[in-house]
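**Q** Handing you this structure, nothing more for now.
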Amino acid sequence: MKIALLGYGKMGKEIEALAIAKGHEVVLKINEHNLNDLTLENLRKADVAIEFSTPHTVVSNIRMCFEAGLPVVVGTTAWYEHFDMLKKECEEKGQSLFYATNFSIGVNLFFHFSKQLAKMMKHYTAYEVSVDEVHHTHKLDAPSGTAITTAEGILSEYPAKSSWVNQIVTTEHPAADTTANSAELLIRSYRTDEVPGTHTVYYESEVDTIEFRHTAHSRKGFAAGALAAAEWLPGKKGIFTMNDMLSF
């Protein structure tokens, strides 16, 4: 399989290493230094594109893939305000888009079981639910796409909460006290020095705390999931997520 990497930072290089090890060929690698190489002609040399660029370039990259007739797997987050527009364009043009806030198989199991836990815990009103996410200070968006997906999964099964709200926590801005039993699901976003990405769902009462957590030890899990999506997508038309690939 021939792959175009749109975004050749740490994640792109991790994907490249795994792809080559599996016998695939990376025919295009785009970063901020060679944007002129991002052309329809070059995109059409690939069988699939994997997009891990920035929130500022992802929408134009997706559209260029549509124009080139190239299936695209998108791992960049913080673009979902454009989702309805791009979904319409994808369907009208008969193209293929696979997107995920997190491609790790473990994280997607975390999403699935977090929803199941919310479905169980909604009956126990003594508990207040919240979500924490911890990332390095270089992460561009807050809350993380993974935290948003986790929160939205909880909201779908937990009637006491109607929306989520974010609080960014740094050394200069420590976590503030929050009002229990509000209709808002709190996501606390911690930004600190180099740390593994960690997401935790808390159910807290006066007598105990239940924690459900996922911690990423490296980028390999995300890269492996993105590559698996790229292997799965060609030949399909429409909008797909990890739930489709994993049959949840």
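What follows is calculated from the coordinates using simple rules that are stated; it is not laboratory data. Note that the structure is predicted; figures quoted are calculated from it, not measured. We place every Cβ from the backbone using ideal geometry, glycine too, and count neighbours over all the protein chains shown.
**Q** At a temperature of 20 °C and a viscosity of 1.002 mPa s, determine how fast segment 71-227 diffuses translationally according to Stokes-Einstein, using the Kirkwood radius over alpha-carbon pairs as Rh; express D in µm²/s, rounded to the nearest whole number.
**A** Stokes-Einstein gives a translational diffusion coefficient of 128 µm²/s.
**Q** Also, quick follow-up: Across 5 Å bins from 0, what is the distribution of all Cα-Cα pair distances for segment 1-136, in whole percents?
**A** 2, 9, 17, 19, 17, 13, 9, 6, 4, 3, 2, 0
**Q** Within the chain, which DSSP H helices have Cα atoms that stretch 20 Å or more along the helix axis and a mean Kyte-Doolittle hydropathy of at least -0.5?
**A** 105-121
**Q** Let me ask another. Can you give me the Cα centroid spacing of segment 119-141 and segment 182-220 in angstrom?
**A** Cα centroid of segment 119-141 versus Cα centroid of segment 182-220: 6 Å apart.
**Q** Take each of the peptides 115-125, 205-215, 39-49, average the number of other beta-carbon atoms within 10 Å over its residues, and list them starting from the highest.
**A** Per-residue Cβ counts within 10 Å, averaged per peptide and sorted highest first, yield 39-49, 115-125, 205-215.
**Q** Hey, which of these cross-link pairs are over 32 Å Cα-Cα: K2/K87; K13/K122; K22/K237; K2/K93; K122/K236; K122/K237?
**A** Check vs 32 Å cut-off fails for K13/K122; K122/K236; K122/K237.
**Q** Still on this structure, please answer the following. For every helix of n ≥ 4 consecutive DSSP H residues, a contribution of -39,500 (n - 2.57) applies; sum these over the chain, divide by its total residues, and give [θ] at 222 nm rounded to the nearest 500 deg cm²/dmol.
**A** The helix-only estimate for the chain comes to -10000 deg cm²/dmol at 222 nm.
**Q** Please report the Cα spread of segment 190-248 along all three principal axes, rounded to whole Å, starting with the longest.
**A** Here the spans come out as 53, 28, 15 Å, largest first.
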